[in-house]
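Encoded as structure tokens, the structure appears first; notes follow it.
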Amino acid sequence: MNKHKMHPESKMMSHGYNPEWSEGAIKCPIFQTSTFVFPSAEEGKAFFEIAHGVREKGQREKVGLIYSRLNNPDLEILEDRLCLWDESEACAVFESGMSAISTALMEFLSPGDLLLFSGPLYGGTDHFIKHFLTRFGVHVMEFHGRETREELIRRVEEKGLQNRLKMIFLETPANPTNFLYDIAAYRQLADHFSTPESRVLVAVDNTYLGPVFQHPIKHGADLVLYSATKYIGGHSDLIAGACLGSEELIHRIKALRSSFGNMAGPWTGWLLLRSLETLKIRMERQAANAAVLANYLVQHPKIHDVHYLGFLNEKNGSQYEIFQKQCLSPGAMISFEVGQTEEEAFAFLNKLHLIKLAVSLGSTESLIQHPASMTHSGIEAQHKLELGIKDNLIRLSVGVEHPDDLIYDIRQALEGVRLLEEAAY
Ligand SMILES: *Cc1c(COP(=O)(O)O)cnc(C)c1O
């Protein structure tokens with residue numbers, strides 16, 4: 001047979017697992033075990049030598065299973081499969097997206113170092129950076145898409161921190177406004193500050209479009225982070241996270257994960273293996289539904305300022321260029337404004353039936369929420385406005401339902417909303 005490279009979706013049912021290991025079971029069992037029996041004392045010793053880095057692994061030597069805080073088959077197979085979408089060398093899975101993000105930041109940042117990060121970030125990440133890392137003497141600096149490369153370089157130099165920059169952290173598309181950051185451009189900025197001894201890392205939170213619709217490593221990212229709670233899990237029934245990157249970087253992250261003990265459990269790992277089998281068809285269906293809904297919303301008289309990546313065009317300049325270069329689909333996240341006030345936005349939210357009023361995203365069911373008072377309520381008022389998070393802004397994560405039913409639900413909810421503007425006439 002000539003060389004044919006299988007697509008990730010074709011490998012999601014089998015990659016990394018051999019039925020012979022488990023009585024021919026086509027599915028990988030749940031290895032609900034804390035510890036593993038060594039075949040012999042000598043082999044137990046050898047496993048620990050590798051795990052503790054006493055010596056390099058021999059070419060044919062397998063990394064032995066020791067203890068489920070260090071390794072477990074469900075997690076290892078899951079990590080192998082997650083690598084396929086991003087074409088990454090290695091992966092580490094965690095018990096939450098926040099544990100993946102916080103562990104990665106703590107492994108690569110030390111007191112005195114500088115972290116640059118894009119705004120707005122996911123609330124939990126924003127809080128961890130501003131209120132936890134700073135307590136340990138890490139310098140942190142937020143930037144926005146409007147700031148030019150030269151302005152940002154000047155700001156770093158004015159603080160005298162050009163030799164201390166260790167990482168640039170991006171979240172793109174940004175939540176909830178779908179603002180795009182150019183990963184390759186920040187790679188260049190990182191290179192500007194890198195030295196032969198010290199490479200400035202670029203880390204990208206890829207939860208919003210990945211792992212199917214955006215592959216940051218191809219654009220120069222060193223680390224890719226996920227809340228696997230979202231699209232990867234996809235069924236609103238688990239919390240998990242992942243970090244991908246080179247063997248070298250992930251080896252360091254796994255060492256810290258072993259210290260923190262914040263790996264995912266085998267049951268979560270197994271559920272994620274199951275979810276991965278349908279990841280692509282779910283995401284494609286969600287994106288197709290989102291296109292239908294965005295087109296409905298944009299023409300509705302009670303709705304305005306629909307933020308949907310599928311609406312970008314030449315008139316949007318660099319945002320459109322970034323989209324074309326970096327994103328493989330507009331995805332399934334839409335935000336939009338209802339009327340002018342929180343009251344009007346709430347009236348709409350309270351009238352929905354099929355679409356569920358809940359935070360989180362990327363699930364089979366459509367989820368809707370009010371960023372200003374929910375996911376982004378921790379941000380101070382002025383900053384919220386600068387980020388475009390207004391009192392009438394709604395964020396919708398589109399699920400796999402029939403689009404006609406979603407439109408029906410939105411239409412009936414909007415019919416029941418009396419806009420304050422109308423009342424004034
Ligand atoms: C949800 C989310 C996180 C945090 O993930 P958890 O699994 O809830 O810990 C981080 N980043 C983004 C973009 C998210 O949406």
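The values are calculated or read from the model by the stated rules, or taken from the named source; none is laboratory data. All figures in this text were calculated on a predicted structure; none of them were measured in a lab. No Cβ is skipped: glycine too gets one built from the backbone with ideal geometry, and neighbour counts run over all protein chains shown. Surface areas here come from the heavy atoms of the whole protein model, side chains and all, with no ligands, DNA or RNA. Shrake-Rupley method; radii C 1.70, N 1.55, O 1.52, S 1.80 Å.
In what sequence, largest accessible area first, do TYR408, TYR208 appear using a 1.4 Å probe?
On the way: TYR408 145, TYR208 15 Å².
Largest accessible area first, the residues go TYR408, TYR208.
In units of 2.2 N^0.38 Å, what is the alpha-carbon radius of gyration of the stretch 61-118? It would help to have the intermediate numbers written out before the result.
Numbers: Rg = 14.3 Å, N = 58, 2.2 N^0.38 = 10.3 Å.
Dividing the Cα Rg of the stretch 61-118 by 2.2 N^0.38 Å gives 1.39.
Quick one: 3J(HN,Hα) in Hz for the stretch 392-403, Karplus 6.51/-1.76/1.60 with θ = phi - 60°, rounded, Gly and Pro as x.
So the J values, rounded to whole Hz, are 9, 7, 10, 10, 10, 9, 8, x, 9, 4, 6, x.
About the Cα centre of the stretch 279-423, what is the dipole size in debye to 20, counting +1 per Lys and Arg Cβ and -1 per Asp and Glu Cβ, all else neutral? Intermediate values should be presented prior to the final figure.
Working: 13 positive and 19 negative charges, 92 e Å.
Rounded to the nearest 20 debye, it is 440 debye.
Using protein chains only and a probe of 1.4 angstrom, how many square angstrom of TRP85 are accessible, to the nearest 10?
Ignoring ligands and nucleic acids, TRP85 comes out at about 20 Å².
Return the long-range amide H neighbours of ASN175 (sequence gap of 5 or more, or a different chain), with a cut-off of under 5 Å between placed amide H atoms.
Here the answer is none, since no amide H 5 or more places off falls under 5 Å of that of ASN175.
If N is the number of residues in the stretch 279-423, what value comes out of its Cα radius of gyration divided by 2.2 N^0.38 Å?
On the way: Rg = 15.1 Å, N = 145, 2.2 N^0.38 = 14.6 Å.
Taking the Cα Rg and dividing by 2.2 N^0.38 Å, one obtains 1.03.
Can you send over the carbon and sulfur percentage of the accessible area for the stretch 279-423, probe radius 1.4 Å, protein chains only?
Working: 3400 of 6500 Å².
C and S atoms contribute 52 percent here.
Express in whole angstrom the spacing between the alpha-carbon centres of the stretch 7-63 and the stretch 347-425.
Spelled out, the Cα-based centre of one part sits 46 Å from the other.
Using R₀ = 30 Å, calculate the FRET efficiency as 1/(1 + (r/R₀)^6) where r is the Cβ-Cβ separation of GLN324 and ARG274; round to 0.05.
0.30
Restricting to DSSP loop positions (anything but H, G, I, E, B) with no more than 14 other Cβ atoms inside 10 Å of their own Cβ, which GluC sites (Glu not before Pro) remain in the stretch 10-50?
On the way: sites: GLU20, GLU23, GLU42, GLU43, GLU49; in loops: GLU23.
Of the GluC sites (Glu not before Pro), the ones in loops of the stretch 10-50 whose Cβ has at most 14 other Cβ atoms within 10 Å are GLU23.
Write out the trypsin sites (Lys or Arg not before Pro) in the stretch 24-81 meeting two conditions: DSSP loop, and at most 14 other Cβ atoms within 10 Å of their Cβ.
On the way: sites: LYS27, LYS45, ARG55, LYS57, ARG60, LYS62, ARG69, ARG81; in loops: LYS27, ARG55, LYS57, ARG60, LYS62, ARG69.
Qualifying residues, ordered by number: LYS27, ARG55, LYS57, ARG60, LYS62.
Counting only heavy atoms of the protein chains, get the accessible area per residue of the chain (1.4 Å probe) and round it to a whole Å² value. Could the numbers behind the result be given before it?
Numbers: 19910 Å² over 425 residues.
I get 47 Å² per residue for this part.
What residue among VAL359, VAL140, VAL63 has the largest mean-square fluctuation in a Gaussian network model of the chain, using Cα springs under 10 Å?
Ranking VAL359, VAL140, VAL63 by mean-square fluctuation puts VAL63 first.
Rounded to the nearest 10 degrees, what's the angle between the helix 247-260 long axis and the longest principal axis of the chain, both from Cα atoms, 0 to 90?
90 degrees
Output needed: percent of Cα pairs per 10 Å distance bin for the chain, bins running from 0 to the one holding the longest distance.
4, 20, 29, 25, 14, 5, 1, 0, 0
Out of every Cα pair in the stretch 99-199, what percent are spaced more than 22 Å from each other? Walk me through the numbers before you get to the answer.
Details: 1339 of 5050 pairs.
Here the long-distance tail beyond 22 Å is 27 percent of all Cα pairs in the stretch 99-199.
Mind listing the long-range amide H neighbours of LEU201? Cut-off is under 5 Å, sequence gap 5 or more, other chains count too, H placed in the peptide plane at 1.01 Å from N.
When sequence neighbours closer than 5 places are left aside, the close amide H contacts are MET167, ILE168.
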